[in-house]
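Data block below; observations after.
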Amino acid sequence: MTPRRAMPADLAQVQAVVAAAFAPYVAVIGRRPAPMDADYATLISAGHVWLMEHAVMACWPEDGAMLLDVLAVAPEAQGRGLGARLVVHCEAEAHAAGLPAVTLYTNAVMEGALRLYPRLGYTETGRRVDQGFSRVFFRKAL
């Protein structure tokens, strides 16, 4: 299965995958994780959202790198490598755009993400409270 750009008709599916993926963290964080409140209609219109059947990614160029802003895999599809496949796709998009790196951040309580990104070659670059969330920042040079 190859990621494809999400189209406006995919909006409900994108929102459903993101909601399912991040819902378990609402109680842990004490509020909705930021990806649950993103404006996916605008992100889709801008061409920043990629979709697989049970997985969603949003990325775009920012500050001289590709920002991987959202990575969501529906709970029933986790553990199948879909998230890793989307990260690799993001890296390919960065390379095609001539960008030297991919940057991202995740919430400090999202243990699965904290294990995934280093396994895929990402280096932690910092931890801080950002927009009211405790975040861990990563970067991978391409």
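The values are calculated or read from the model by the stated rules, or taken from the named source; none is laboratory data. Just so it is clear, the structure is predicted and the values come from calculations on it, not from any experiment. Counting neighbours? That spans all protein chains shown, and the Cβs are built from the backbone with ideal geometry, glycine included.
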Members of segment 107-121 that are farther than 20 Å from residue 38 by Cβ and either loosely packed, with under 12 Cβ neighbours inside 10 Å or of a type in the set (Phe, Trp, Tyr) (or both): 111, 115, 119
Condition test on residue 124, is it surrounded by fewer than 18 Cβ atoms within 10 Å (Cβ to Cβ) and in contact (Cβ under 8 Å) with a residue 40 or more places away in the chain? no
Somewhere in segment 57-64, is a residue surrounded by fewer than 20 Cβ atoms within 10 Å (Cβ to Cβ), among the acidic types (Asp, Glu) and over 17 Å from residue 22 (Cβ atoms)? yes
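For segment 53-91, give me each residue that is part of a helix (DSSP H, G or I) and within 16 Å of residue 1 (Cα to Cα).
Of the residues in segment 53-91, the ones part of a helix (DSSP H, G or I) are 75-77, 82-91.
Listed by number, the residues that qualify are 77, 82, 83, 84, 85, 86, 87, 88, 89, 90.
Quick check, is residue 27 in contact (Cβ under 8 Å) with a residue 24 or more places away in the chain and either over 17 Å from residue 137 (Cβ atoms) or touching a strand residue (DSSP E or B) at 6+ places or on another chain (Cβ under 9 Å) (or both)? If you could, list the steps in order and put the result at the bottom.
Values: in contact (Cβ under 8 Å) with a residue 24 or more places away in the chain: no; either over 17 Å from residue 137 (Cβ atoms) or touching a strand residue (DSSP E or B) at 6+ places or on another chain (Cβ under 9 Å) (or both): yes.
For residue 27, the condition - in contact (Cβ under 8 Å) with a residue 24 or more places away in the chain and either over 17 Å from residue 137 (Cβ atoms) or touching a strand residue (DSSP E or B) at 6+ places or on another chain (Cβ under 9 Å) (or both) - is not met.
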Among the numbered criteria (1) touching a helix residue (DSSP H, G or I) at 6+ places or on another chain (Cβ under 9 Å); (2) at pLDDT below 95; (3) charged (D, E, K, R), which one does residue 76 miss? (2)
Filtering segment 94-114 down to residues that are over 14 Å from the mean Cα position of the chain (by Cα) and of a type outside the set (A, V, I, L, M) yields 95, 98, 100, 111
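Does at least one position in segment 41-55 carry a residue that is in contact (Cβ under 8 Å) with a residue 60 or more places away in the chain and on the phi < 0 side of the Ramachandran plot?
Step one: filter segment 41-55 for residues in contact (Cβ under 8 Å) with a residue 60 or more places away in the chain, giving none.
The answer is no, given that none of the residues of segment 41-55 is in contact (Cβ under 8 Å) with a residue 60 or more places away in the chain and on the phi < 0 side of the Ramachandran plot.
Per-residue answers, yes or no, for (1) buried (at least 17 other Cβ atoms within 10 Å of the Cβ); (2) closer than 21 Å to residue 117 by Cα:
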position	(1), (2)
10	yes, no
16	no, no
39	no, no
45	no, no
76	no, yes
